[in-house]
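Rule-based calculations on the coordinates, nothing more; no lab input. None of these values were measured; they are calculated from a predicted model. When we count neighbours, we look across all protein chains shown, and the Cβ atoms used for this are built from the backbone with ideal geometry, even at glycine.
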There are 2 protein chains.
Amino acid sequence: MKPIRKQDFPVDQVRRFMEPGPIVLVSSAWKGEANIMTMGWHMVMEFSPSLIGCYIWEQNYSREMIRRSRECVINIPTVDLAKTVVEIGNCSGSEVDKFTQFGLTAVAGEMVKAPLIAECFANLECRVADTAMVRKYNLFVLEVVKAHAPKSPKYPKTIHYRGDGQFMVAGDALNLRRYFRPEML
Amino acid sequence: MKPIRKQDFPVDQVRRFMEPGPIVLVSSAWKGEANIMTMGWHMVMEFSPSLIGCYIWEQNYSREMIRRSRECVINIPTVDLAKTVVEIGNCSGSEVDKFTQFGLTAVAGEMVKAPLIAECFANLECRVADTAMVRKYNLFVLEVVKAHAPKSPKYPKTIHYRGDGQFMVAGDALNLRRYFRPEML
């Protein structure tokens, strides 16, 4: 799996990747240490500012790194990284340097200090926008401040976790533009 | 499209349908009126209680019905209902009786007064659990109190909205159980 060459991508259009609910890799950095966690529970909450709600619980070693640095990167892997995605979820950043362990390439971000994962299809640089719901719901509200995606394919083969070790791979594209009232697009 | 025969489904396992981010139809009832809205922004927030976070904004006619009745049903449509899903989003419950207009079958719930949509693959009866984030984020926290799904197929051909009239249809299943540490399943 080679690093993927990317372009700037409009932050208010990240729903293209996030809305269909893919498993993502969240990278973070704090005090000279970097880490990666898998994340399956997230939702788009606003276009502009570009807000993403994320469930990050106490057992995630990344949680304190994200809370303290107030930054992270949401990296969107494709099916060829599926085994790595599972293995990243199997181990803890308290014991393993995951970039080294899994041969992933850390790339510097433009807006945040957390590293981007070059092998992932898209990278969303995020700042923590609201932590008011963390205590009750483990819900972090992130603002995507910079996004990177390759020119093609437009829609990657993302993987979507269904629990119990079962994933769904993104399937056929279905263009229903013709049925939409123009103002609903 | 015929109504689908269903069985009880464990509420703490609804991630099977919700986590991969499908477009859903939310049905509600208030003062003798029933309505249906399309919804694309939602996330699993907890297994037990079975919590789902949902973005329902002020322009949705259903919002006040859900807020007042404190109930709704999340219905999960499959690809054969794709055109109907778009058309439901094109019109407002203030002008149209959507069950009649789209020939959908309302079925009585067991735990809520909002009607289930028989033609949808799965039906999740929900109570509103928390409205504290509605004012700031249009975020309703729902608790799934009863779920109905057919015995097969185990994984339906859900549709996932990417914006701009483009959907992704649920694709191949990928079993990666063998890579998981048992306690991570």
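Which distances, shortest first and in nm, link B:Asp97 to the matching position in the other copies, using label points set 7 Å out along Cα to C-beta?
Ordered by increasing distance: 6.8 nm.
Which of the listed residues, B:Gly109, B:Ala29, B:Cys54, is farthest toward the dipole's positive end in region B:7-184, when Lys, Arg count +1 and Asp, Glu count -1 at the beta-carbon?
Farthest towards the positive pole: B:Cys54.
Enumerate the amide H contacts of A:Gly109 below 5 Å, restricted to partners 5 or more residues apart or on another chain; note that Pro and chain-start residues carry no placed amide H.
The list, which skips near neighbours in sequence, is A:Leu116.
Quick one: dipole size for the protein assembly as shown, taken about the Cα centre, charges +1 on Lys/Arg Cβ and -1 on Asp/Glu Cβ, in debye to the nearest 20.
The calculation lands at about 300 debye.
Report the charge-dipole magnitude of chain B in Debye, nearest 20, computed about the Cα centre from +1 at each Lys and Arg Cβ and -1 at each Asp and Glu Cβ.
So the magnitude is around 360 debye.
Taking the inverse of the average 1/r across all pairs of different Cα atoms in chain B, what Kirkwood radius in Å do you get?
On the way: mean 1/r = 0.0599 Å⁻¹.
So the Kirkwood estimate lands at 16.7 Å.
Under a crude label model (7 Å from the Cα following the beta-carbon direction), how far is A:Ala173 from B:Asp164 in nanometres?
Placing both labels 7 Å along Cα→Cβ, they lie 0.8 nm apart.
Residue by residue, what Karplus-based ³J(HN,Hα) values in Hz, rounded to whole numbers, does region B:160-165 have, using 6.51, -1.76 and 1.60 with θ = phi - 60° and x for Gly and Pro?
Each residue of region B:160-165 in turn: 10, 7, 10, x, 6, x Hz.
For label points placed 7 Å from Cα toward Cβ, what is the shortest-first list of nm distances from B:Lys31 to its copies?
Spelled out, the distances from B:Lys31's label point are 5.8 nm.
What residues qualify as long-range amide H neighbours of A:Phe9, i.e. H under 5 Å apart, gap of 5 or more or another chain, H built at 1.01 Å from N?
Under 5 Å from the amide H of A:Phe9: A:Ala147, A:His148, A:Ala149.
Using the Karplus curve 6.51 cos²θ - 1.76 cosθ + 1.60 with θ = phi - 60°, work out ³J(HN,Hα) for each residue of region A:29-40 in order, rounded to whole Hz, and write x for Gly and Pro.
Whole-Hz 3J(HN,Hα) from phi for region A:29-40: 8, 7, 6, x, 10, 10, 8, 9, 10, 8, 9, x.
I need the inter-copy label distances for B:Ala173: point set 7 Å along Cα to C-beta, values in nm with one decimal, smallest first.
Copy-to-copy label distances for B:Ala173: 2.7 nm.
What are the ³J(HN,Hα) values, in whole Hz, obtained from phi via the Karplus relation 6.51 cos²θ - 1.76 cosθ + 1.60 with θ = phi - 60°, for each residue of region A:171-182 in sequence order, with x given for Gly and Pro?
Using θ = phi - 60°, the values come out as x, 4, 7, 9, 8, 10, 3, 5, 8, 7, 5, x Hz.
Express in nm, to one decimal, how much length is gained between B:Lys2 and B:Gln59 on full extension, taking 0.36 nm for each residue of separation and deducting their alpha carbon distance.
Here the segment from B:Lys2 to B:Gln59 would lengthen by 17.4 nm.
Exceeding 27 Å between C-alpha atoms, which entries from my cross-link table qualify? They are A:Lys83/B:Lys2; A:Lys6/A:Lys83; A:Lys6/B:Lys154; A:Lys31/A:Lys151.
Beyond 27 Å between Cα atoms: A:Lys83/B:Lys2; A:Lys6/B:Lys154; A:Lys31/A:Lys151.
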